[in-house]
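Novice: Please read through the structure below; I'll follow up with questions.
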Amino acid sequence: MIRAFRILAANPLSLIGFILVVLIVFAAVFAPWIAPYPTHNGAVVDFLNNNRPPSAQNWMGTDLVGRDIFSRILYAYQISLGLGLVVLAIAPPVGTIVGLLAGYMGGWVETILMRLVDVFLSIPPLVLAIAMMGVLEPTLTNAMLAVTVMWWPWYARLVYSIARSEREEGYVLAAEVIGASSFHIAFREILPNCLPAILTKMTLDMGFVIIIASSLSFLGLGVQPPTPDLGSMVAEGARYLPDSWWLTVFPGLAILLVVFGFNLLGDGLREILGVDE
Amino acid sequence: MKRTLLAAALLAATALTAPAYAQSVLRLDEVAVGELDPAKASDYADSILMFNVYDTLVIPTQGGPGHDPHLATSWEVDGATYTFTLRDGVTFQSGNPLTAADVVYSIERMQALGQGLSYLFGGVTAEAVDDMTVSFTLDAPYAPFVASLVRLPIVDSVLVQENATADDEWGETFLSANGAGTGAYSVTSHNPQEETVMAKNDGYFLEINEAAPDQVRLRYGLEAATVRTLIAQGEHDISSQWLPPEVMQALANGGAQLLTESGTGGFYVKLNTTKPPLDDVNCRLAITNAFDYGTAIQMLAITDDVSGGSPSTGAIPVGMFGSNPPSDALARDMDAARAYLAECGTAPGDFNLEISWIAEVPLEERLALLMQANFAELGISSSIETLPWALFTERVASPENTPHISQIFVNAVTGDPDTLLYGMYHSSTPGTWQSPEYLNDPEVDAALDAGRQAATDEAREAAYSALNDRLMEIAPTIYGFDRQSVFAASDRVSVPALSDPAMAFGLDGMGFSFRLMEMTE
Amino acid sequence: MSPVLRLLLRRLGISFVVLIGVSMLIFAIARIIPGDPARIALGPNATAEQVERIRAEMHLDEPIPVQYGFFLRDLARGDLGTSLYTNRPVTTDIAQFLPATLELVFLAGLIMVAVGLPLGILAARYRGRWPDHLVRVLSLLTVSAPSFVWAVILMLIFAYYLPFFPIAGRIKDIYEIERVTGFMTIDTALAGNWPAFWNAWHHLVLPAVALSLSGIGQAARLTRANMVETYEKPYIEMAQAYGFFPSRIARTYAFKPSIIPSLTIIGLDFAAMLGNAFLVEAVFAWPGLSRYGVAVILRKDLNAIMGTVLIIALTFLIVNIIVDLLIAFLNPRIRHSTRAAS
Amino acid sequence: MSPVLDIRDLHLSFKGYGGLSEVLHGISLRIEQGQKVALVGESGSGKSVTARIVLGLLQETRTARIRGAVEFDGRDIGAMSARQRAALRGTEMSMIFQDPTSSLNPTFTIGRQFREVLGRRDPGIGRAASDARATQMLAEVSIPDPARVLAAYPFQLSGGMNQRVMIAMALANRPKLLLADEPGTALDVSVQAQTLHLMRELVDDHGTSVLFISHNLGVVREFADRLYVIYRGRIVEEGPAAAIFADPRHAYTRALMDAVPRITGGGLPDVPEVSEDFLAPLIRHEEDAA
């Protein structure tokens, strides 16, 4: 752990990423205390102060109904990070189980499961999520569901390829010889060998999940107002370009910043854990 | 060196793309896809197409009440029978002559397809008396029948029947992609989702202004920011009315003119009267009194002189039969709201109102947020839901799926209050996009029936006035504001019908008669 | 049978199976739609009989497997049904909108390869030194924002503040171009209308760049990673031992072995572009399939949704087959899967 | 006549996170015209880096610090520019690597790779001329069907075949000095012996000087005229091969010799137990001691 931190510290870019992520997570968690206008995450309108450019009172200006954009960005981070965490809590385990089963069991289980994975992977990820959100009600839960559904196959494929090569390794053969159960071999012998790759992918995926989720809400298929969401803030603001640029530019940069942080951090982690791209 | 090359290439590209126009072109846009089949026309884009590609027997009088002859030269009324004499020598764009058979075919086609505004012609039987005379018989008295004829576009029956097939007996495929009218403009190409291109019809039966555009391009679904920039750069002429006020404002500040069309409609916040707690009149009155009418009007202001709306005085827009005087503007009354809320059987925290807004109209999102904040002051809980137009019309088909609160801009499609109010409030027409209230009130029904059957203007005035009072009392709707449609336009075009009250038609969409526009460049 | 032909047949077979699976998946998604598609189709003023008629036409009253059967039968005839939104056959709509999207995605893919690969090579060649760090930061930055953010930023800078590029559409509307291929850049050239040709390119550049940015970052990172791995290989040291110039080693000796594993991922990035086109087309009012897709999804237009997703999946499968063949062509191990001598 | 290679008091250190760490502590080594010299030591002893300094490769990396003289054919390599050093490689000196199959580029045919190599000496060489010269060289290394081999990719050939190809390539430009880094260690023992034998005949024919680097004294015995034993960056014993084999005086050399029977399998060498005696000073056999 300390060693990991030292390597992180030796690589300035990763350190910047680490600091960015910590700052953003902190700001999101403590948004109610940090945000200058904590009530602005909800049903508040102030038409006397709407559509104002950045100023000392509103660092990033106000939106069309007079809410403080900076405050809303902090709350929007809560939504983005929460969604990312939920997706990454569900998709990797599901994908891992499928990948392990297919990779270790082989035979028709492998054929069926991996063809299924191929089916999911042969629709561009965003298109699948858009199609799902198109038929579901646009809510946060459904957005999480849609992103999870498009995400698990990637883990299935990753674990499958590792499991398949491990299947032939000596220690697995040895376990088979002494009569260990398939379950034991798959989960106790093979799974631990997949973990570094899975963990690295999860860190790198955090930023990617945030991008996909914000893309959904950009198209109006995500979280509904008045809940603040970075993607819908950009979409909403884009109607008012170029005059009211602050409506779009700040939420856009907010996405860039959080994803950049996770990517820098993930890049550093990859080096620490020694996982290939 | 490379940079200079790039700059040069860019300059070259720009220079190459700006040749002189051979003919005058008018470019405008609408948010929704234009439906070219006149029997299916219902919204604003459809109306623009219909009024230019097709003609009707009568048209509204410019700058005043009443109707003028158009494809007809005169008409007689005998009880429930209306007889029209057609104008001589009118030909369709195909060259076929206009006959009474075309009129009969047009109304029957509309009735058979049963879409768009066909409900206007429910109990009408048409008959060709001779080649140039057509009579309509109504099965019940209907005072605004002549007014409703502005929604009966006459199609070229010979051409349509040539293109009809056994599977498609009314030629729907043909008419959804081609024009078959007598109109001043013919369809050159029609790409749903993209644009419709129209060209001036040189064989039109009326004189067309020399300066009227030779070609018109109606584009669909452009983003507000795109329209804003295109107009500023001189590459677009007239915006849709759905541009947010801020964008209109920015354009006006940059020198664009603002065109207006008013007097036939309003912004209605419709309450589902079948869904608790809004099935209780006191609960409804609590929220209609809590709505901040003043702020809503403020939001609509574009310049000091032009606004997207004026204060509402009741259920009927100012200027129509039965409307209240402008001085009776509705205002927020929180004391009254609290009093009604005390009588309401549901605790404010249990309201859980679904406030919907139409995805194509960004302004409604702000109004939804305004309502949510207004109601929250009473402790009323609510959530906001975005509905694309098509989905909204599907949801309102059943009372359970209809949201508590829907926001609708409604216009009298013929300019008469009957077409504004009957569809909204009569118990026989529930579950359309106009009637998400599901109102069932005998008093309202009686007043509506009286209004459509009354023989004199005085009697109509009295009937609609009674209706207005009753609608205020039972509050099925928050009467948000009287709508004024505003369009931003470049100075390349002058549109008297949308800028000079003396030339206005008093019918939505009719102001976009291209033949009356003038290109000034 | 040559190994490449065998590979092609095998890939076609798998793709067919996958495509059937995709059709099932899409069909399943489309049937969980809330609401009555027939009523959505007819609009606000439809009568009960009309709704019934459309329900029967769309086989909505049949059991789901039978509906799927009808769907497949129609699919086999190349009939994707009628779009409820445009009232036209979905195939007509797709034929109209697909070329615009492909034109955009092809150019973006080209930019991705033309910029991403050299950046990756540069970074690997100077690994550990400043060009490497710069490329790393740049590529991390480009993959860190969704393409709609890049689209908005590019538009703001290069269309609004510095009006170098147009902000919407494929071509200025004064040009009447006969539609032959649907690719504006090709049709204008076929028509010999050079001002229109330049204008079409002028419109294409900014959206394509916006779409390509995250792909550029991906391609650069990937190429660098594979190149660095290749640089560890003995044959690179051997090339150094023979005194070849570093630039020549990068271009010839290290690049070709590195590009082969990169190609698969670049194919996937191309697929991601088909998805991201949904975002870029929305920003640039590009009249393509993605914009159509969003419109029909928002309107719950079943036939059109299924048709659009199916055609995108098909395009993606074709691209993957092409990539596989390209790999087979570049990688002698696959081309000569038998040993010539031992 | 000056020696082909003359290394005097060569120091090498690498800059790392913990400061400088010295790898070579001042080694000296000489190769005369046509002489075959072996540098023997376990892995990590510094023998491979020595070869890479001679080739001028380590000079290009930023972390390496090199001190001392390396003269090739009377010219100081350390004083040359990177370009001048590169000009020597592949022409005046060339190298043979441990694993022939992975040292040949997998994406080009043998013929193409020959052309690249011959192009070092003669940049304008055409395809026909290159193929002719390659065919001749392949014949010299007893490859029976040169035309087929030229059209083949490395993975289509056996390891032994690739080894011969690499020897042919290395000698194609008639270099003055051939560096051989553990040649053929990855191969079967019998194949290794065969190709080494072939290589020895060829260099004798061409009069090429050789610096042969190995951990395996057994392999070296067959090949080298002169021997340097390196341990932890220092030469511990040097002299004519015969003399050392006859009378190994340094403790480390003796330990290596004891290890010989166990390492003929070609796998990882059994590193002799570390002993204080291994750090004993250099023992030099006189030229005439044989």
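Novice: Is it the case that A:R6 is within 14 Å of chain B (Cβ to nearest Cβ) and either basic (K, R) or part of a strand (DSSP E or B) (or both)?
Specialist: Here the answer is no, as A:R6 does not meet what is asked.
Novice: Basic (K, R), within 11 Å of chain C (Cβ to nearest Cβ), over 23 Å from the mean Cα position of the chain (by Cα) and within 19 Å of C:T252 (Cα to Cα) - does that describe any residue in the stretch D:101-112?
Specialist: yes
Novice: Take the residues in the stretch B:14-44 that are part of a helix (DSSP H, G or I) and under 14 Å from B:S176 (Cα atoms), then tell me which one is modelled with the lowest pLDDT.
Specialist: Out of the qualifying residues, it is B:K40.
Novice: Within the stretch C:270-292, can one find any residue that is over 25 Å from C:L138 (Cα atoms), more than 14 Å from chain D (Cβ to nearest Cβ) and aromatic (F, W, Y)?
Specialist: yes
Novice: Given (1) surrounded by 21 or more Cβ atoms within 10 Å (Cβ to Cβ); (2) within 14 Å of chain C (Cβ to nearest Cβ); (3) at pLDDT below 90, identify the lone condition not met by D:G41.
Specialist: (2)
Novice: Please go through the stretch B:391-434 and pick out each residue that is over 30 Å from C:I297 (Cα atoms), of a type in the set (A, V, I, L, M) and in contact with a strand residue (DSSP E or B) (Cβ under 8 Å, 6 or more places away or on another chain).
Specialist: B:A412, B:L420
Novice: Are there helices (runs of 4 or more DSSP H) fully within the stretch D:1-106 with at least 2 residues that are without any contact (Cβ under 8 Å) to a residue 40 or more places away in the chain and under 28 Å from C:K233 (Cα atoms)? List them.
Specialist: D:47-55, D:82-88
Novice: I'd like the full set of residues that are of a type outside the set (A, V, I, L, M, F, W, C) and surrounded by 22 or more Cβ atoms within 10 Å (Cβ to Cβ), limited to the stretch B:110-123.
Specialist: B:Q115, B:G116
Novice: Here is a follow-up. Tell me, yes or no, whether the stretch B:275-284 has at least one residue that is basic (K, R) and either surrounded by fewer than 20 Cβ atoms within 10 Å (Cβ to Cβ) or modelled with pLDDT under 90 (or both).
Specialist: Yes, that holds for at least one residue.
Novice: Tell me, which residue of the stretch C:315-326 that is over 12 Å from the mean Cα position of the chain (by Cα) and either facing another protein chain (nearest Cβ under 7 Å) or farther than 18 Å from C:M273 by Cβ (or both) is surrounded by the most Cβ atoms within 10 Å (Cβ to Cβ)?
Specialist: Restricting to residues being over 12 Å from the mean Cα position of the chain (by Cα) and either facing another protein chain (nearest Cβ under 7 Å) or farther than 18 Å from C:M273 by Cβ (or both), the top hit is C:D324.
Novice: From the list A:F187, A:F250, A:F208, A:F183, pick out the single residue that is more than 8 Å from chain C (Cβ to nearest Cβ), closer than 30 Å to C:P163 by Cβ, hydrophobic (A, V, I, L, M, F, W, C) and in a helix (DSSP H, G or I).
Specialist: Within the list A:F187, A:F250, A:F208, A:F183, the selection yields A:F250.
Novice: May I pose another question? Out of the residues in the stretch C:159-203 that are within 15 Å of C:G288 (Cα to Cα) and more than 11 Å from every other protein chain (Cβ to nearest Cβ), state the one that is surrounded by the fewest Cβ atoms within 10 Å (Cβ to Cβ).
Specialist: Applying the filter and picking the extreme gives C:T181.
Novice: If I ask for residues that are of a type in the set (S, T, N, Q) and assigned to a strand (DSSP E or B), which ones from the stretch B:50-80 would you list?
Specialist: The answer is B:T73, B:S74.
Novice: If you don't mind, there's one more thing I want to ask. When the stretch C:244-268 is examined, which residues are found to be more than 10 Å from every other protein chain (Cβ to nearest Cβ), among the β-branched types (V, I, T) and either crowded, with 17+ Cβ neighbours inside 10 Å or not in a helix (DSSP H, G or I) (or both)?
Specialist: Residues satisfying the conditions are C:I249, C:I266.
Novice: Just one of (1) away from chain C (no Cβ under 12 Å); (2) over 14 Å from the mean Cα position of the chain (by Cα) trips up A:T200, so point out which.
Specialist: A:T200 satisfies every listed condition except (2).
Novice: For residues that are within 20 Å of the chain's Cα centre (by Cα) and within 12 Å of another protein chain (Cβ to nearest Cβ), scanning just the stretch B:226-265, find the one that is surrounded by the most Cβ atoms within 10 Å (Cβ to Cβ).
Specialist: B:L243
Novice: Quick one: is C:I216 under 29 Å from A:I211 (Cβ atoms) and within 14 Å of chain A (Cβ to nearest Cβ)?
Specialist: Here the answer is no, as C:I216 does not meet what is asked.
Novice: Tally up the residues in the stretch D:145-169 that are at the interface with another protein chain (Cβ under 9 Å from one of its Cβ atoms), touching a residue at least 24 places away in the same chain (Cβ under 8 Å), buried (at least 23 other Cβ atoms within 10 Å of the Cβ) and among the aliphatic types (A, V, I, L, M), please.
Specialist: Number satisfying all stated conditions: 4.
Novice: Only one of B:L507, B:L448 is in contact with a strand residue (DSSP E or B) (Cβ under 7 Å, 6 or more places away or on another chain) and farther than 20 Å from B:S24 by Cα; which?
Specialist: Going through B:L507, B:L448 in turn, the sole match is B:L507.
Novice: Same structure again: Go through the stretch B:167-191 and count every residue that is in contact (Cβ under 8 Å) with a residue 40 or more places away in the chain and either in contact with a helix residue (DSSP H, G or I) (Cβ under 7 Å, 6 or more places away or on another chain) or surrounded by fewer than 24 Cβ atoms within 10 Å (Cβ to Cβ) (or both).
Specialist: Counting residues in the stretch B:167-191 that are in contact (Cβ under 8 Å) with a residue 40 or more places away in the chain and either in contact with a helix residue (DSSP H, G or I) (Cβ under 7 Å, 6 or more places away or on another chain) or surrounded by fewer than 24 Cβ atoms within 10 Å (Cβ to Cβ) (or both) gives 15.
Novice: Is the stretch C:128-137 home to any residue that is without any contact (Cβ under 8 Å) to a residue 24 or more places away in the chain and either surrounded by 22 or more Cβ atoms within 10 Å (Cβ to Cβ) or not in a helix (DSSP H, G or I) (or both)?
Specialist: yes
Novice: Here's a follow-up. Only one of (1) part of a helix (DSSP H, G or I); (2) free of Cβ contacts under 8 Å to residues at least 40 places away in the same chain; (3) within 11 Å of another protein chain (Cβ to nearest Cβ); (4) surrounded by 17 or more Cβ atoms within 10 Å (Cβ to Cβ) fails for A:I112. Which number is that?
Specialist: (4)
Novice: Hey, another quick one. Test A:T141 against the stated conditions and say whether it is surrounded by fewer than 18 Cβ atoms within 10 Å (Cβ to Cβ), within 12 Å of another protein chain (Cβ to nearest Cβ) and without any contact (Cβ under 8 Å) to a residue 24 or more places away in the chain.
Specialist: no
Novice: Check off (1) at pLDDT 85 or above; (2) farther than 23 Å from D:E116 by Cβ; (3) of a type in the set (D, E) for D:D181 and give me the number that stays unchecked.
Specialist: With respect to (1) at pLDDT 85 or above; (2) farther than 23 Å from D:E116 by Cβ; (3) of a type in the set (D, E), D:D181 is out only on (2).
Novice: Sticking with this structure for a sec: Name the single residue that is surrounded by the most Cβ atoms within 10 Å (Cβ to Cβ) among those in the stretch C:293-314 being among the β-branched types (V, I, T) and within 9 Å of chain A (Cβ to nearest Cβ).
Specialist: C:T308
The values are calculated or read from the model by the stated rules, or taken from the named source; none is laboratory data. On a predicted model such as this, the values are computed, not experimentally measured, just so you know. Methodologically, a virtual Cβ is constructed for each residue, glycine included, from the backbone with ideal geometry; neighbour enumeration extends over all protein chains shown.
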